[in-house]
Amino acid sequence: MLDYLRFTYDPNRPDTVSVFDECSLWAARFGLFMMNNLELRPNLNILDLACGMGFPLFELAHMYGASCQVTGVDSWEGAIERARTKLNVYQLPNVRIIEANAEQLPCQDETFDLIVSNLGINNFADANAVLAECFRVAKPQGHLVLTTNPSGHMHEFYDVFRATLKELHKDAYLERLARNEAHRGTKDVLRDVVQHNGFRVVTIKEDQFQLRYLNGTALFNHALTKFGFLDGWRQVVDPEDEEQIFATLEHRLNQMASTLGELRMTVPMLYMEVEKLG
């Protein structure tokens, strides 16, 4: 079996959490996109939803300063423990950290002036339930800021994956691949969802960056791929076809890299700021 297909991990092991802390470049790109567009005002009550190990929670606390209260919420136990360790080091009196489900926030109605979520909307099982909670805990005219990785993610990879399935006469998997490619949603879908939950769109900004790899082997063995993408890709095919399909896919990506000199995968970014109506 290919080495990367043997990869498993426990997200609550302390060493795994520590490794995640060292793999923040992915979240950092989106977080910087967010922070470069946030309006800075004093005396705000801010919620970082799906704060993970504290990014952008602590940066927000430092950036907004002591007049603002910043609360971080996440359901990932190991990450919350790590964030609390950091808080003990930073000694920030304007930060509190809560382990809780985003669909059932332990917060009073109309608490927050600003709610942010960096990539959280990509990972919530029920985005409508989470946005309904955001509406409940946001103050009137409070703002919600989302950064997300929308559809179009790594389209170069999906083009090769699709061609590989056709080459191997595995067309039955094409529908699964299309679902995996589309599951991140589009700008229009996210706009409809936030409007459905009582928010008015204020600002939408889009950008992109490229992930670079020497070849397909480097792509598949990259930590970001293993932690973030590989499970979804593996679900496209049945276990008995996995070895053949991924070996062929890796070979095709390596050929592509040999021709082009490297692999570049395009990653779109979306910043959406909305306001609570009423």
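The values are calculated or read from the model by the stated rules, or taken from the named source; none is laboratory data. Keep in mind the model is a prediction, meaning the values are calculated, not measured. Ideal geometry is used to build each Cβ from the backbone, glycine not excepted, and the neighbour counts take in all protein chains shown. Accessible surface areas use protein heavy atoms only, side chains included; no ligands, DNA or RNA. Shrake-Rupley method; radii C 1.70, N 1.55, O 1.52, S 1.80 Å.
The table below lists the values:
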{"quantity": "Rounded percent of accessible protein surface that carbon and sulfur make up, the chain, 1.4 Å probe", "calculated": "48 percent"}
{"quantity": "Electrostatic dipole magnitude of the range 1-127 [Cβ: Lys, Arg +1; Asp, Glu -1; Cα centre; debye, to 20]", "calculated": "340 debye"}
{"quantity": "Modelled FRET efficiency - R0 25 Å, R252 with S151, Cβ distances, 0.05 increments", "calculated": "0.65"}
{"quantity": "For the chain, accessible area per residue (1.4 Å probe, heavy atoms of protein chains only), Å²", "calculated": "48 Å²"}
{"quantity": "Lysines with Cα under 30 Å of K276, excluding same-chain neighbours fewer than 8 positions away", "calculated": "K139, K187, K205"}
{"quantity": "Shape of the range 222-263, Cα gyration tensor, a/c cut at 1.5", "calculated": "oblate"}
{"quantity": "Dipole moment magnitude, nearest 20 debye, the chain about Cα centre, only Lys, Arg, Asp, Glu C-beta charged", "calculated": "580 debye"}
{"quantity": "Among 262-268, 148-154, the order from most to least packed when residues are scored by Cβ within 10 Å on average", "calculated": "148-154, 262-268"}
{"quantity": "DSSP bridge orientation in the chain - percent antiparallel, rounded to nearest 5", "calculated": "50 percent"}
{"quantity": "Volume in Å³ per residue [convex hull over Cα atoms, computed for the range 132-199]", "calculated": "89 Å³"}
{"quantity": "Rounded to the nearest 20 debye, dipole of the range 87-137 from Cβ charges on Lys, Arg, Asp, Glu", "calculated": "180 debye"}
{"quantity": "Reachable aspartates and glutamates, given that their alpha-carbon falls under 20 Å from the alpha-carbon of K86 and they are not under 8 places away in the same chain", "calculated": "D15, D21, E22, D48, E59, D74, E77, E99"}
{"quantity": "Scattering curve values for the range 100-160, log₁₀ I(q)/I(0), Debye with Cα scatterers, q = 0.17, 0.25, 0.27 Å⁻¹", "calculated": "-0.61, -1.06, -1.17"}
{"quantity": "Per-bin percent of Cα-Cα distances, the chain [5 Å]", "calculated": "1, 5, 12, 15, 17, 15, 12, 10, 7, 4, 2, 0, 0"}
{"quantity": "Whole-percent pair-distance distribution, where bins are 5 Å wide, for the alpha carbons of the range 1-143", "calculated": "2, 9, 18, 22, 22, 14, 7, 3, 2, 1, 0, 0"}
{"quantity": "Theoretical FRET efficiency, 1/(1+(r/R0)^6), r = Cβ-Cβ of A182 and D241, R0 30 Å, to 0.05", "calculated": "0.90"}
{"quantity": "Between helix 187-196 and the chain: long-axis angle, C-alpha atoms, 0 to 90°, nearest 10", "calculated": "40 degrees"}
